Amino acid sequence: MVLRSLWTIIDHPEDLMPLVRLKMAVARIEKEIPAEPHWAFCYGMLTKVSRSFALVIQQLCTELRNAVCIFYLVLRALDTVEDDTSVPSDIKVPILQLFHQHIYDKNWHFSCGTKDYKVLMDKFDLVSTAFLELDRSYQEVIEDITRRMGAGMAKFICKEVETVEDYDEYCHYVAGLVGLGLSKLFHASGLEDLASDSLSNSMGLFLQKTNIIRDYLEDINEIPKSRMFWPRQIWSKYANKLEDLKFEENSINAVQCLNDMVTNALMHGEDCLQYMSNLRSPAIFRFCAIPQIMAIGTLALCYNNIEVFRGVVKMRRGLTAQISEQTSDMPDVYCAFYEFSSMLKDKVEENDPNAALALKYVETIQQACIKSGTLNKRCFQAKVLKICCKILFSLSYKMLAPCVCFKAEVSRFDSLKTKVICTIAYPIVLLMLWCK
Ligand code: D9A
């Protein structure tokens, strides 16, 4: 485990400093928990269920941050009810449908879920207490979205995702509505114009479809009952049962099906660029842009990648740390979207049934990035920086290796021990260089 991280750093030395700084940032926000117990609980919970999300939320101004934090926890609680396969449908459905009323009731309580989610449900009164302190305009948005999402989830409790239309509808309820709600919260804060419902919806669909693709194996292996979000209309072209895709003998069809799903998700990329380019507040911009860049990066990683059916495919932590550090304006987003879509484009194989459509969506995204006219400068700088970092790393490695060899009297220059010692010594050298 430790050794694997070391190798990753050797391969990607440019990850190191962002990872160190990210660790420090996380440690800092964990210390800055508010004084009142209900707010302390809400922010503590947020960091527990999603570290990276907790970090981007911190950048928003206090008023908006509190509203988004509560919105996030209410949605997570709703999700927990929806996900808990041990709760019978006839109990679950009315809870989902009435959830928007329960958030006003400090005495309401329903125990379900596991681990951190169970704690969230058991102490939901603290979330309600914090919700009741929000400005009325924020409360109304959260209530409205919770009502619509709960009704939508209830509708899909007894219904499978059959067609691509069902898939879009389901994703609208669980993610598109989050986009709509956030746009309204941003508007209520007075910092942004109200974004259109259609662009806001695309922001959610792009993220959610990426999660559904990436989490294939996790959802299929869910105990006691597997959960299936891939639409039958797509997978039935490649298999008789969705589970069959995970078996080795179906690899070719599995990858084609995966590519079909990724292509479907790519469709929303252009709308997302449009939505982000309309934002004004730098903090809101970063809050929106970081998850979107992660999504297109994950799609590029998953495309044509059989590993999706074997285990978890995730971006390197160092890469996500780099993204959260280096995303501050639209040129950064264009650069990242361009880079990741090029990566995906290189993986498209001619004989794939959806190759033409995938290339068309990639082209649309890249055109939007090119049209901005900001691509060359920024992308070039980033690449130079990465190459410099690699050279610096390999130089310090080559310089250190002989010293270590000599001291340790190791005869083989490239012994594992030497490499490990160098890898430990390297960050110290780099840190000294970095801090001047
Ligand atoms: C979001 Cl309030 C989410 N979802 C996310 C996270 O981003 C969106 C849930 C609740 C809220 C917000 C999000 C962020 C910014 C702008 C948005 C937006 O719209 C304008 O939502 C559309 O994934 C969940 C849904 C996709 C269902 C909406 C980002 C996030 N990332 C995870 C990473 C992961 O691998 O899941 O939560 C994390 O940080 O742990």
| Evaluation of Val178 against (1) touching a residue at least 40 places away in the same chain (Cβ under 8 Å); (2) under 19 Å from Lys92 (Cβ atoms); (3) within 14 Å of the ligand (Cβ to nearest atom) (one fails), failing number | (2)
| field | Within the stretch 298-317, tally of residues that are polar (S, T, N, Q), more than 10 Å from the ligand (Cβ to nearest atom) and at negative phi | value | 1
| task | Being free of Cβ contacts under 8 Å to residues at least 40 places away in the same chain and not hydrophobic (A, V, I, L, M, F, W, C) is the filter; apply it to the stretch 49-80 and report the residue that is farthest from Ala321 (Cα to Cα). | result | Thr62
| Cβ pairs under 6 Å, 6+ apart, first in the stretch 300-321 and in contact (Cβ under 8 Å) with a residue 12 or more places away in the chain and aliphatic (A, V, I, L, M), second surrounded by fewer than 18 Cβ atoms within 10 Å (Cβ to Cβ) and assigned to a helix (DSSP H, G or I) | Ala300/Met343; Ile306/Ser251; Val313/Glu307
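Residues are listed down the side, and each one gets a yes or a no for (1) more than 10 Å from the ligand (Cβ to nearest atom); (2) more than 14 Å from Leu182 (Cβ to Cβ); (3) assigned to a helix (DSSP H, G or I):
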position	(1), (2), (3)
Glu30	yes, yes, yes
Ala35	yes, yes, no
Val68	no, no, yes
Val81	yes, yes, yes
| Which members of the stretch 101-123 meet the condition of being surrounded by 15 or more Cβ atoms within 10 Å (Cβ to Cβ), away from the ligand (no atom under 16 Å from the Cβ) and not in a loop (DSSP other than H, G, I, E, B)? | His102, Val119, Met121
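Per-residue answers, yes or no, for (1) farther than 22 Å from Phe186 by Cβ; (2) in a loop (DSSP other than H, G, I, E, B):
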residue: Phe206; (1), (2): no, no
residue: Glu218; (1), (2): yes, no
residue: Glu222; (1), (2): yes, yes
residue: Tyr238; (1), (2): yes, yes
residue: Ala254; (1), (2): yes, no
residue: Cys257; (1), (2): yes, no
residue: Thr263; (1), (2): yes, no
residue: Tyr275; (1), (2): no, no
| query | Looking at this structure, is Lys225 away from the ligand (no atom under 15 Å from the Cβ), closer than 29 Å to Thr114 by Cβ and surrounded by fewer than 16 Cβ atoms within 10 Å (Cβ to Cβ)? | reply | yes
| field | Test: residue in the stretch 48-56 that is within 16 Å of the ligand (Cβ to nearest atom), in a helix (DSSP H, G or I) and β-branched (Val, Ile, Thr) | value | yes
| Unique residue being crowded, with 19+ Cβ neighbours inside 10 Å, farther than 24 Å from Ala151 by Cα and at pLDDT 95 or above when the list is Leu64, Leu73, Leu78 | Leu64
| query | Which one of these is among the hydrophobic types (A, V, I, L, M, F, W, C) and more than 16 Å from the ligand (Cβ to nearest atom): Cys158, Cys171? | reply | Cys158
| query | Which one of Ala283, Ala336, Ala295, Ala321 is more than 14 Å from the ligand (Cβ to nearest atom) and of a type in the set (A, V, I, L, M)? | reply | Ala336
| field | Test result for Arg148, over 21 Å from Glu270 (Cα atoms) and at pLDDT 95 or above | value | yes
| Near pairs, Cβ below 6 angstrom, 6+ apart or cross-chain, from the stretch 222-234 (in contact (Cβ under 8 Å) with a residue 12 or more places away in the chain) to any residue that is surrounded by 18 or more Cβ atoms within 10 Å (Cβ to Cβ) and of a type in the set (Asp, Glu) | Ile234/Asp260
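The values are calculated or read from the model by the stated rules, or taken from the named source; none is laboratory data. Everything quoted here is computed from the prediction, not taken from an experiment. Every residue, glycine as well, gets a Cβ built from its backbone with ideal geometry; the counts of neighbours run over all protein chains shown.
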